[in-house]
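Structure first, commentary second.
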Amino acid sequence: MIQPYVTEDFQWFLESQPWLVMGSTDLEGRLWVSALCGEPGIIRLSDDRTVHILRLKNTWDLVYTNVLHNANVGLVVINFGQRIRIRINGMVKGLNDQELIVKTDQVYGNCPKYIQARGLKAARLAPTVTSEVVHDISLDERQQAWIRQADTFFIASANAEGKTDVSHRGGRPSFIRVLDERTLVWPDYKGNMMFNTLGNIVENPKTGLLFIDFNGGHTLQLTGYCTIVWDLSVNDQASFPGVQRLIQFRLSDVIHIRHAQNCAWDFIGYSPFNP
């Protein structure tokens with residue numbers, strides 16, 4: 001199911017979407033996840049292996065600096081309302097004032113599991129000239145509460161060679177547990193049986209997480225390290241019905257961006273696959 005090129009039906013889907021999520025690696029080797037939101041047409045293809053992503057104006061994001069020294073990126077383009085997602089892994093071959101160009105290495109679709117249905121609002125949030133960017137090394141109480149209530153996040157991982165991948169994770173609010181201001185844990189449920197993220201974590205524990213405020217356009221980007229908890233206790237199994245393993249994340253840095261994007265979504269309903 002993994003191909004090096006974009007099929008015709010995937011191309012139509014990609015070019016009709018207004019936003020995407022991208023994983024990249026900074027100069028220190030840390031992984032980050034970014035959300036880029038514009039209008040339909042932000043993504044276009046010049047051929048079946050070349051993806052052009054419109055560079056957003058007046059948007060602060062480290063993805064544009066990260067790709068200058070590490071070209072490996074992972075993308076996921078997701079339509080929450082239709083519960084459709086396409087993943088693309090590849091290399092950045094060009095970046096200018098107008099666009100970012102990615103050559104594809106791996107392209108594939110994923111099942112609709114654990115995607116909460118949301119509809120993109122026609123009315124955009126008011127654009128801000130300057131986004132408020134806050135850096136820290138731990139989560140404050142409001143950020144911890146945000147994560148506890150989250151039903152969706154994205155995780156970037158990379159193998160030992162640095163090949164990057166981004167994946168979606170979802171569940172009901174409180175499926176992510178905040179153990180302390182620097183430690184999170186969440187259950188890993190049966191997915192597409194490809195184990196892309198888990199395989200990368202085994203080789204390279206560096207990971208990045210992204211949480212999105214779907215109402216306010218704010219984002220919370222975390223970078224750190226993941227470990228897989230294979231041996232589950234009776235209490236773990238009782239706390240997370242149906243869990244197959246746990247993922248523990250220890251963060252090293254946090255970037256909180258207020259008014260990071262002008263996209264907003266209406267909540268429609270939880271995934272029927274959620275435990």
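The values are calculated or read from the model by the stated rules, or taken from the named source; none is laboratory data. A quick note: this is a predicted structure, and the numbers were derived from the prediction, not measured. Counting neighbours? That spans all protein chains shown, and the Cβs are built from the backbone with ideal geometry, glycine included. Remember, those area values only see protein heavy atoms, side chains included, never the ligands or the DNA or RNA. Shrake-Rupley method; radii C 1.70, N 1.55, O 1.52, S 1.80 Å.
A few notes on this one:
- Filtering 41, 29 for residues that are within 20 Å of residue 163 (Cβ to Cβ), among the small types (Gly, Ala, Ser) and in a loop (DSSP other than H, G, I, E, B) leaves a single hit, 29.
- When 151, 136 are checked against the criterion of being touching a His at 6+ places or on another chain (Cβ under 8 Å), of a type in the set (D, E, K, R) and either in contact (Cβ under 8 Å) with a residue 12 or more places away in the chain or open to solvent by 60 Å² or more (accessible area, probe 1.4 Å) (or both), 136 stands alone in meeting it.
- Residue within segment 158-171 that is without any contact (Cβ under 8 Å) to a residue 24 or more places away in the chain and in a strand (DSSP E or B) present: no
- Answer from 54, 62 - the residue that is open to solvent by 30 Å² or more (accessible area, probe 1.4 Å), within 21 Å of residue 263 (Cα to Cα), touching a residue at least 24 places away in the same chain (Cβ under 8 Å) and of a type outside the set (Phe, Trp, Tyr): 54
- Subset of segment 9-50 (residues that are open to solvent by 50 Å² or more (accessible area, probe 1.4 Å) and either within 17 Å of the chain's Cα centre (by Cα) or free of Cβ contacts under 8 Å to residues at least 12 places away in the same chain (or both)): 9, 12, 28, 30, 46, 47
- The condition of being touching a residue at least 24 places away in the same chain (Cβ under 8 Å) and open to solvent by less than 70 Å² (accessible area, probe 1.4 Å) does not hold for residue 215.
Residues are listed down the side, and each one gets a yes or a no for (1) of a type outside the set (Gly, Ala, Ser); (2) surrounded by fewer than 19 Cβ atoms within 10 Å (Cβ to Cβ); (3) out of contact with any Leu (no Cβ under 9 Å at 6 or more places or on another chain):
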position	(1), (2), (3)
194	yes, yes, yes
198	yes, yes, yes
202	yes, yes, yes
211	yes, no, no
223	yes, no, no
228	yes, yes, no
241	yes, yes, yes
249	yes, no, no
252	no, yes, no
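- Unique match (being at pLDDT 95 or above and touching a helix residue (DSSP H, G or I) at 6+ places or on another chain (Cβ under 6 Å)) among 165, 151, 140: 165
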